[in-house]
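Read through the structure below, which is laid out as structure tokens, and then see the notes.
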Amino acid sequence: MKSVPVEVVAESAIPGPERINLLGMDRRALEGFFARMGEKPFRASQILKWLHARRVTDFDAMTDLSKALRAKLASEAEIRVPEAVMDQRSADGTRKWLLRLDGSNAVETVLIPEKSRDTLCVSSQVGCALECSFCSTGVQGFNRNLSTAEIIGQLWYVNRLLDAEEPGRQVTNVVFMGMGEPLLNFRNVIPAAELMKDDHAYGLSKRRVTLSTSGVVPYMYRMAEVTDISLAVSLHAPDDALRDVLVPINRKHRLSELMKACRHYIADKPHRRITWEYVMLDGVNDSDTQARALVKLIGDIPSKVNLIPFNPFPGTDYRCSGDARIRAFSDILSRAGLVSTTRRTRGDDIDGACGQLVGKVADRTRRRQKREQRMRVAQP
Ligand code: SAH
Ligand code: SF4
């Protein structure tokens with residue numbers, strides 16, 4: 001493991017609570033912002049390009065805006081970008097950054113380089129309130145939601161770094177699989193996903209932006225109304241009794257409801273499928289019988305199954321299934337015609353693998369309250 005502190009990224013404007021951070025505004029928000037200033041909607045495209053595609057943070061450098069508009073922007077808005085406090089590199093090439101959000105909070109963002117793509121795993125919350133028993137993010141509790149600027153800032157930051165290291169290199173895929181449950185931060189996550197897809201910002205296709213949820217059913221329906229990004233569902237168990245233990249939100253939204261919401265999400269979307277995540281836990285959810293039950297549960301939904309070897313963390317009693325067991329489980333899925341891949345564990349030597357992200361949670365005093373709220377998930 002290699003850890004190096006990284007230089008602080010300069011901010012272009014003096015932060016102040018009254019100034020709006022343009023980094024967190026998607027096209028719609030920017031068009032509204034410019035309309036209020038009496039400006040035309042095309043200003044949104046110009047700003048998106050400067051901020052996200054060119055990563056220019058100085059209003060004075062935005063040469064296709066009039067001097068007067070630049071001055072107005074500088075007085076009313078700011079461009080606040082993240083600052084990394086830690087940069088780690090795994091032996092397998094996986095990289096993890098700890099990004100400072102404010103005086104007491106930081107989140108982790110992980111880059112998984114592969115031959116033909118660079119996937120960024122972004123965080124959406126500091127911690128997570130859902131307390132899945134096999135996840136270290138859940139075990140540490142919830143602190144706060146990330147703003148849209150803090151979410152998109154992760155992609156902004158990593159793209160800037162990659163481009164500096166290797167001109168032209170950019171993140172090709174984004175997965176909301178870092179810290180937090182993205183659907184419980186719906187109002188900030190969706191605009192961030194829109195920015196990722198916007199041609200003037202990051203231009204990623206809907207297939208290259210994937211939101212992973214543990215199954216917050218009401219928000220899955222809302223998601224279907226407002227976006228077409230790819231959906232991954234953390235299933236982990238083929239029946240309610242076991243899923244209640246592993247993924248406690250299942251006590252609120254049962255599997256039958258979850259399956260209905262998944263079918264709804266891909267209905268009328270040709271060639272789309274659900275990615276199911278299934279963490280392989282030794283002796284818990286990895287038997288042949290459970291593999292067959294899984295086939296029965298999802299068999300009629302266009303699917304891809306990701307079997308994820310369990311990544312251990314201090315204090316957990318779970319163990320990862322053995323290789324032979326994972327193969328046997330996967331064979332049953334394949335024989336039933338389900339596409340399944342076993343995800344290679346990446347970045348575990350820097351605690352950057354799935355479920356190992358903990359960031360830095362400063363305020364744990366609200367944790368008990370949050371836990372009480374846990375099962376009272378807000379309805380949209
Ligand atoms: N909250 C969302 C997204 C973040 S978790 C969700 O649960 O889907 C991203 C993925 O990592 C999920 O599939 C989650 O179940 C999995 N995961 C969590 N802890 C893990 C662990 N210790 N080992 C392997 N995968 C884990
Ligand atoms: Fe939260 Fe996802 Fe971890 Fe569950 S697996 S505790 S929903 S981050």
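Some notes on this structure:
- Those strands (runs of 3 or more DSSP E) of segment 98-145 in which 3 or more residues are more than 22 Å from TYR278 (Cβ to Cβ) occupy 106-113, 125-127, 142-145.
- Exactly one residue out of ARG169, ARG160, ARG144, ARG117 is surrounded by fewer than 23 Cβ atoms within 10 Å (Cβ to Cβ), within 19 Å of THR210 (Cβ to Cβ) and either in the same structural domain as ILE308 (by TED's automatic domain parsing) or aromatic (Phe, Trp, Tyr) (or both): that is ARG117.
- Selection over segment 122-136 of residues that are more than 10 Å from ligand 1 (Cβ to nearest atom) and not hydrophobic (A, V, I, L, M, F, W, C) gives a count of 2.
- Within the option set GLU277, GLU257, being at pLDDT 95 or above and within 20 Å of the chain's Cα centre (by Cα) holds for one residue only, GLU277.
- Restricting attention to segment 223-242, the residues that are in contact with a Phe, Trp or Tyr (Cβ under 8 Å, 6 or more places away or on another chain) and more than 23 Å from CYS121 (Cβ to Cβ) add up to 1.
- Subset tally (residues that are out of contact with any helix residue (DSSP H, G or I) (no Cβ under 6 Å at 6 or more places or on another chain) and within 16 Å of ligand 2 (Cβ to nearest atom)) for segment 191-217: 2
- Test: residue in segment 187-200 that is charged (D, E, K, R) and crowded, with 24+ Cβ neighbours inside 10 Å: no
- Positions within segment 202-226 being buried (at least 18 other Cβ atoms within 10 Å of the Cβ) and polar (S, T, N, Q), in sequence order: THR210, SER212, THR213, SER214
- Considering residues of segment 161-190 that are among the polar types (S, T, N, Q) and in contact with a helix residue (DSSP H, G or I) (Cβ under 6 Å, 6 or more places away or on another chain) only, the residue nearest to ligand 2 (Cβ to nearest atom): ASN188
- Against the test of being more than 13 Å from the chain's Cα centre (by Cα), over 29 Å from LEU48 (Cα atoms) and of a type in the set (Asp, Glu), the options ASP118, ASP163, ASP92 yield a single qualifying residue, ASP92.
- Taken across segment 95-105, residues that are of a type in the set (D, E, K, R) and over 22 Å from SER147 (Cβ atoms) do occur, with at least one present.
- Count of segment 137-173 residues which are in contact with a Lys or Arg (Cβ under 7 Å, 6 or more places away or on another chain), within 16 Å of ligand 1 (Cβ to nearest atom) and at pLDDT 95 or above: 1
- Residues of segment 194-232 that turn out to be β-branched (Val, Ile, Thr) and closer than 16 Å to ILE249 by Cα, as a count: 3
- Only one of the listed residues (GLU131, GLU83) is within 16 Å of ligand 2 (Cβ to nearest atom), in contact with a Lys or Arg (Cβ under 7 Å, 6 or more places away or on another chain), modelled with pLDDT under 95 and of a type outside the set (A, V, I, L, M). That residue is GLU131.
- Test: residue in segment 152-160 that is assigned to a loop (DSSP other than H, G, I, E, B) and either on the phi < 0 side of the Ramachandran plot or more than 13 Å from ligand 2 (Cβ to nearest atom) (or both): no
- All conditions but one from (1) more than 18 Å from VAL107 (Cβ to Cβ); (2) within 16 Å of ligand 1 (Cβ to nearest atom) apply to SER212; the one that does not is (1).
- Checking each residue in segment 181-207 for being within 16 Å of ligand 1 (Cβ to nearest atom) and among the polar types (S, T, N, Q) picks out ASN185, ASN188.
- Residue match in segment 246-253 (condition: basic (Lys, Arg) and either within 16 Å of ligand 1 (Cβ to nearest atom) or in contact with a strand residue (DSSP E or B) (Cβ under 9 Å, 6 or more places away or on another chain) (or both)): yes
- Condition check for MET179: at pLDDT below 95 and under 27 Å from LEU101 (Cα atoms): yes
The values are calculated or read from the model by the stated rules, or taken from the named source; none is laboratory data. Owing to the predicted nature of the structure, the values given are computational and were not obtained by experimental measurement. Glycine also receives a Cβ, built like all others from the backbone with ideal geometry; neighbour counts cover every protein chain displayed.
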